[in-house]
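See structure below.
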Amino acid sequence: MKTFFSIILAAAICVGSVQAGPVHTAANVAKSTAETAKNVGHSVVKGTRRAAHTVVDTFTR
């Protein structure tokens, strides 16, 4: 009976870890996507500022 209980417990742990794997991966993907979006946003702002400064410098000289 102890052996049967141990096998059931081991199977439950394996199933739980298999189901948690994709969730963990999805969380990593979401975090990575958020960081990438933030970096792209910063780059766009930086490029827009440069363009605006170039236009202002062109008209003020």
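Grab the beta carbon distance between Asn39 and Ala12, set R0 = 30 Å, and tell me the FRET efficiency rounded to 0.05. Mind showing how you got there, number by number?
Details: r = 41 Å, r/R0 = 1.37.
So the FRET efficiency works out to roughly 0.15.
Short version: ³J(HN,Hα) in whole Hz for each residue of region 36-51, in order, from phi by Karplus 6.51 cos²θ - 1.76 cosθ + 1.60 (θ = phi - 60°), x for Gly and Pro, what are they?
5, 4, 5, 5, 5, x, 4, 5, 5, 4, 5, x, 5, 4, 4, 5
Take the Cβ-Cβ distance between Lys2 and Thr25 as r, set R0 to 25 Å, and report the resulting FRET efficiency rounded to the nearest 0.05. Don't skip to the answer; put the middle values down first.
Values: r = 35 Å, r/R0 = 1.40.
So the FRET efficiency works out to roughly 0.10.
May I ask you to list the lysines whose Cα is less than 29 Å away from that of Lys46, ignoring any residue fewer than eight positions away on the same chain?
Lys31, Lys38
Computed from the coordinates by the stated procedures, all read-outs in this text should not be read as laboratory data. It should be emphasised that the depicted structure is a prediction, and the values quoted were computed from it without experimental measurement. In this analysis, Cβ positions are derived from the backbone assuming ideal geometry, glycine residues included, and neighbour counts consider all displayed protein chains.
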